[in-house]
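The values are calculated or read from the model by the stated rules, or taken from the named source; none is laboratory data. Source: prediction; values computed, not measured. All Cβ positions, glycine included, derive from the backbone under ideal geometry; neighbour counts span all protein chains shown. Keep in mind that these areas ignore ligands, DNA and RNA; they rest on the heavy atoms of the full protein, side chains included. Shrake-Rupley method; radii C 1.70, N 1.55, O 1.52, S 1.80 Å.
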Amino acid sequence: MTPARAPSASEVITHACPVREVLDRVAGKWSVLVIVAAAHGPVRFTELERSIEGISRRMLTLTLRNLERDGLLTRTVFPTVPPRVDYALTPMAQELHRSLLSLTDWAERHRTAIAAARSAYDAGRPPPAGDGIAVPPSREPVRGTARQG
């Protein structure tokens, strides 16, 4: 049996590009919010528009169209006057929603630690170590270099 060879850089890039394209689409700010808003069943355009703060009509339309194109949303038009259009998550998007819930749960659990790390960084001192013990001053890493000019 021959040992497995590591993939070449071009093989990694060839594989990563399509994955990156998918992640760029599904991890986008508006896509995530639409998926979360539509998670509890069919929802209408105006309901989405009201529930997603800051999204423009045009951006919502583009996001819905892209999610439908990617197979994450179904769009159902009802023959009424005026026409009624419902958007619903596909099974693939429902699976994605479960993953998003895990991510948001993680963010909620760690948001205060992240805020503390940001404050420490912005104040120019090292953040606490993962166990809550601060790095001793004698071992502080040097950040940046002084500009000469």
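Scanning the stretch 55-71 for any residue that is under 21 Å from T104 (Cα atoms) and of a type in the set (G, A, S) turns up nothing. Take the stretch 63-117 and flag every residue that is in contact (Cβ under 8 Å) with a residue 60 or more places away in the chain and of a type in the set (A, V, I, L, M, F, W, C). If the condition is that a residue be in contact (Cβ under 8 Å) with a residue 60 or more places away in the chain and of a type in the set (A, V, I, L, M, F, W, C), then L96, L100 are the ones that fit. For A88, the stated conditions hold: it is closer than 18 Å to S31 by Cβ, at pLDDT 95 or above and of a type in the set (G, A, S). Modelled with pLDDT under 90, assigned to a helix (DSSP H, G or I) and hydrophobic (A, V, I, L, M, F, W, C), is that true of L103? So L103 fits the description; yes.
Residues of the stretch 32-61 that are open to solvent by less than 60 Å² (accessible area, probe 1.4 Å) and in contact (Cβ under 8 Å) with a residue 24 or more places away in the chain: V32, V34, I35, A38, A39, G41, V43, F45, L48, I55, L60.
The single condition from (1) among the charged types (D, E, K, R); (2) within 16 Å of A39 (Cβ to Cβ); (3) open to solvent by 50 Å² or more (accessible area, probe 1.4 Å) that R109 fails is (2). Tally time: how many residues in the stretch 62-85 are open to solvent by less than 90 Å² (accessible area, probe 1.4 Å) and within 14 Å of W30 (Cα to Cα)? Matching residues across the stretch 62-85 total 8.
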